[in-house]
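These notes are about the structure you will find just below.
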């Protein structure tokens, strides 16, 4: 088995809708096994194929309920009801989480690795995991589920990471002001 690198925010593969799986074969089973290994190593609760750079409608998950890892191929969410707010994070947006409102109850159908139909009635935590992973297959990232104020703050943090700015200066203004005034610290050159 081989562990994959998890794609993170900014990688264009995360914004694309994954293609339906046409054939369930040994290669797909190997992909699922490698994704499970990657998910556990991260550690995470779920992992969708686009998060490892594979544009296939497949995800793996393990909610820690004693059932072990599961795989869903070509999942479809057909029903959703209620509302549940829960602190949600994402392996593709590491180290960040926000309270996200999602439907409390969902019905998901798809296939397992033997090609047999899977039908899952899920609520609360499991429902959230399934919705989160289907979002990845549709090219939707966690930050798109945030309200306007949360999204602004998230984008500030993600921009700071992309520009390698210090955590205490997420918009880079303190660094810019120090650079303009010649205050680079002892021996530090400005990194602009």
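The values are calculated or read from the model by the stated rules, or taken from the named source; none is laboratory data. Every value quoted in this text rests on a predicted model; they were computed, and no experiment measured them. No Cβ is skipped: glycine too gets one built from the backbone with ideal geometry, and neighbour counts run over all protein chains shown.
For the range 11-43, the set of residues classified as touching a helix residue (DSSP H, G or I) at 6+ places or on another chain (Cβ under 8 Å) and surrounded by fewer than 14 Cβ atoms within 10 Å (Cβ to Cβ) consists of 16, 17, listed by residue number. Within the range 123-150, the residues that satisfy the criterion of being modelled with pLDDT under 95, loosely packed, with under 15 Cβ neighbours inside 10 Å and in contact with a strand residue (DSSP E or B) (Cβ under 9 Å, 6 or more places away or on another chain) are 147, 150. Looking at the range 92-101, can you tell me whether even one residue there is crowded, with 19+ Cβ neighbours inside 10 Å, touching a strand residue (DSSP E or B) at 6+ places or on another chain (Cβ under 6 Å) and under 23 Å from residue 17 (Cβ atoms)? Checked against the condition, which is being crowded, with 19+ Cβ neighbours inside 10 Å, touching a strand residue (DSSP E or B) at 6+ places or on another chain (Cβ under 6 Å) and under 23 Å from residue 17 (Cβ atoms), the range 92-101 yields at least one hit. The criterion of at least 3 residues that are within 14 Å of the chain's Cα centre (by Cα) and within 30 Å of residue 161 (Cα to Cα) is met by the following strands (runs of 3 or more DSSP E) wholly inside the range 1-89: 46-48, 58-61. Look at (1) at pLDDT 95 or above; (2) over 21 Å from the mean Cα position of the chain (by Cα) and you find that residue 168 fails only one, number (1). Of the residues screened, residue 70 is one that is surrounded by fewer than 22 Cβ atoms within 10 Å (Cβ to Cβ), closer than 20 Å to residue 115 by Cβ and at pLDDT 95 or above. Would you point out the residue of the range 103-140, among those that are touching a residue at least 60 places away in the same chain (Cβ under 8 Å) and in contact with a helix residue (DSSP H, G or I) (Cβ under 6 Å, 6 or more places away or on another chain), that is farthest from residue 53 (Cα to Cα)? Only one residue fits best here, namely 113.
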